[in-house]
1. Please work out how much length the chain gains when fully extended from A:N329 to A:D366, using 0.36 nm per residue of separation minus the C-alpha to C-alpha distance, in nm with one decimal.
2. Could I have the simple spin-label model distance between B:A52 and B:I101, label points 7 Å from Cα toward Cβ, reported in nm to one decimal?
3. Using only the alpha carbons, work out the radius of gyration and Dmax of the stretch A:364-478 in angstrom.
4. First measure r as the distance between the Cβ atoms of A:E71 and A:T304, then evaluate 1/(1 + (r/R0)^6) with R0 = 60 Å and state the FRET efficiency to the nearest 0.05.
5. Report, to two decimal places, the Cα Rg of the stretch A:178-334 normalised by 2.2 N^0.38 Å (N = number of residues).
6. For a test of the definition: using alpha carbon positions, the gyration tensor, and the 1.5 limit on a/c, classify chain A as rounded, prolate or oblate.
7. Take B:S9 and B:E94, extend 7 Å from each Cα along the Cα→Cβ direction, and tell me the distance between the two endpoints in nm.
8. Calculate the FRET efficiency for A:F10 and B:L22 from the Cβ-Cβ distance with a Förster distance of 60 Å, rounded to the nearest 0.05.
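Derivation of every value follows stated rules applied to the coordinates shown; laboratory data play no part. Computed from a prediction, not measured in an experiment: that's the story for all the values here. Glycine also receives a Cβ, built like all others from the backbone with ideal geometry; neighbour counts cover every protein chain displayed.
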Amino acid sequence: MSYYTAQDHFVLVPAIMLALFGCAVFLFDFLIFPSPKQRKYLLFFLVLGLVFAGAGLWQQQSFLMSHGIPEITAFRGTLTVDSFALFFNWIFLAASFIVAIVSYRYLETENEHHGEYYGLILLANCGMFFLATGTDLITLFVGLELMALCFYIMVGFLRGDKRSNEAALKYLLLGAFSSGFLVYGFSVMYGLSGSTRLREVAISLATRGLWDPLVFLALATTAVGLLFKVSAVPFHMWAPDAYEGAPTPITAYLSVASKAASFAFLVRIFLGPLAASREIWEPLLSAVALATLTVGNLAALSQTNVKRLLAYSSISHAGFILLGLIAGNVTGITGVAVYMLVYTFMNLGAFIVLVALRRKNIIGDDMDDISGLMRKSPAHAVLMLIFLCSLAGIPPTAGFLGKYYIFLALVETQHYVLAVAAAVYTAVAVYYYFRIVRSMFVSETTDKLPVASSFGLRLALGVTGVMTLLIGIYPEPFLRLAQSTTSLVR
Amino acid sequence: MPEGYLAISIFAVCAMALPIVLLVAAKLVRPSAPASTKMEPYECGIPPVSDARGRYTVRFYIIAILFVIFDVETIFLFPWAVRFKQLGWFGVAEVAVFLAILIVGYIWAYKKGALEWV
C-alpha cells in the first residue's frame with residue numbers, strides 16, 4: 001500500500017507551496033532580511049509563493065479540462081480537486097495577492113510592520129485551500145482552524161491599538177466557541193456513520209429517516225458553527241467589532257477570503273452530508289437568510305463609521321449568498337459562485353479606498369474622513385463610486401450580475417417571498433451606499449492631507465476596479481467558470 | 001447482573017458510613033485541648049508562608065504555550081514509534097517534514113526572544 005502517490009502530490013502542490021513559502025517568510029524575516037527596509041523582499045516572497053501555488057492550481061485545472069474528468073481525489077478521498085475547489089482557490093489567491101500589496105504602505109503608517117504578517121497571509125491561504133478542497137471532516141476542521149488562527153493574530157496585529165486588541169479577543173472567543181459547535185456536529189456525524197469522509201457520511205445520513213433526532217442534532221450544531229463563520233444573523237455579533245478594529249487590509253481579507261472559504265465549506269457540507277435533510281434545513285436557512293438581510297441592511301443605515309457600515313453590508317451580502325444555496329438548483333449554485341467572485345473584487349476595492357485614506361494621524365474610516373473625496377482625489381472617488389454601485393447591484397457593474405443570478409434562481413424554484421424580500425432590501429442598501437457617495441461628492445473636505453498612494457495601492461485599485469467593471473460588462477468567461485462549479489448539485 | 005451490583009452497593013454504603021462513624025466516635029471520646037503547634041499542616045518541616053493560589057508572573061504563559069506545542073509533538077511521535085517498522089522510510093520522511101515545520105516555529109520563537117527571561 002502506498003501512502004503518498006504521485007496523484008496525492010499533484011493535488012497537494014498548491015498547499016505545499018503556500019506552507020513552504022509561509023515558513024520561509026517567517027525564517028527569512030530575521031535570518032536573511034532583518035532590516036526593516038528589506039520587508040519588501042518578504043512581500044516579494046509572498047507573491048512568489050502565490051505564483052507557485054497558482055501554477056499548481058493551473059496544472060490541476062488544465063489536467064481536469066484536458067482529460068474531461070470531473071475531479072481528482074487524493075489520499076483516498078480526503079482531498080478532492082474539482083471545479084468548485086479550483087474556482088474558490090483562485091478567489092483566495094487573488095484576495096491574498098491584493099491584500100498583501102496594499103498592506104505594505106498601511107503597516108508602515110501604523111508603525112507595526114513585521115515580517116510575520118506576510119507569513120500569516122500565506123498560512124491562512126493554505127488553510128483556505130484545505131477548506132475548499134477537503135472532503136473529509138478532519139481535514140476540513142484542521143483547515144478551518146489554520147485559517148482562523150492566522151486571522152486571530154492578524155486582526156490583533158495593531159498591538160498599540162485598543163480597538164484592534166478588543167477585536168482580536170472577541171473574534172478569538174466567539175470563533176473558538178463556534179468551532180466547538182461545529183466539531184460537536186462533526187462528532188455526531190462520525191458517530192452516525194463511522195467515517196469522516198463526506199461521501200460516506202452523506203450515504204449513511206441519507207439512509208436514516210428524515211426526522212431522526214440524531215441527524216437533526218448533527219444538522220443543527222454544524223449549521224450553527226458554519227453560520228457563525230459566514231457571520232449570518234443571529235450569529236453575526238462578532239463581525240462588526242472584529243471588522244472595525246482590525247487593520248483595514250485585514251478587514252478586507254476577513255470579509256472576502258475568510259467568507260469565501262467559509263461559504264465553500266458551508267456549501268460542501270450542506271450539499272454533501274446534509275443534502276438528504278434538505279427539507280429540514282431549507283426553512284431554517286430561509287429564516288436565517290431573511291434575518292441576515294434584515295439586520296445587516298437596517299443596522300447599516302445608522303452607521304457613521306464607514307468600516308462598520310461595510311461590515312454590516314458584508315453581513316447582508318452573506319444573506320444574499322445563502323439565498324443562492326436555498327434555491328439550490330444549478331442557477332442557484334452558479335449564483336453563489338458568481339456572487340462570491342464579484343463580491344471579492346468589489347468589497348476588496350471599497351476597503352482599499354479606505355486603506356488609502358489612512359494617513360499619518362488620520363484613521364480615515366469615519367464618514368467625515370471620506371467627505372469631499374471628489375475634490376481631493378477624483379480617481380479614488382470615482383473608483384469608490386464604482387465599488388459602491390456594484391455593492392448595491394446597479395448595472396453595468398458586476399454586483400448586478402451576482403444579484404441577477406440569485407434572483408433568477410429564487411424565481412425558478414418558486415421562492416417568491418424570499419425574492420421579494422431580497423429585492424426590498426436591495427433598495428434599502430442603495431440608500432446607505434449612497435450616503436457614502438453623497439458624502440464624497442457633495443460635502444466639503446475636512447482635512448487637506450492628500451490621499452495615501454503607493455505602487456501596491458494603485459495596482460490593487462486598478463485590478464479591483466477593472467474586474468468589477470469587466471465582470472459586469474463582459475461576464476461570459478467568468479460565468480462559464482462559475483457554471484462549472486455546479487457539479488456539486490445532484 | 002443485579003446481584004453483583006448489590007454487593008457493590010452494600011460495600012459503597014459501608015465505605016461511606018465507616019469514616020463518618022469513626023470521626024463522630026473520636027469526637028465524642030477525645031479530650032479537646034487545641035494548641036498552635038497542633039494546627040500546623042506538617043509535624044516537622046517548613047510551615048507554608050503564603051496562599052497556594054498566589055499570583056505569579058505572566059511570562060510563564062509563553063513557556064506554557066511552548067510546552068503545549070512540544071507536548072503535541074510527542075503525541076504524534078509515539079504512534080510513529082510504535083508502527084516504526086511497518087511505516088518504513090515513508091514514516092521517517094513524514095516525521096521529518098513534521099519536525100521541520102515545528103523547528104521553524106521553534107527557531108522563530110527563539111529568535112524572537114520567547115525563551116529569554118527579561
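1. On the way: separation 37, 0.36 × 37 = 13.32 nm, distance 4.09 nm.
Gain on stretching A:N329 to A:D366: 9.2 nm.
2. 3.9 nm
3. 16.6, 53
4. Working: r = 48 Å, r/R0 = 0.80.
The calculated FRET efficiency here is 0.80.
5. 1.08
6. Oblate, since a/c reaches 1.5 and b/c is not below a/b.
7. 4.9 nm
8. On the way: r = 73 Å, r/R0 = 1.22.
Once rounded, the FRET efficiency stands at 0.25.
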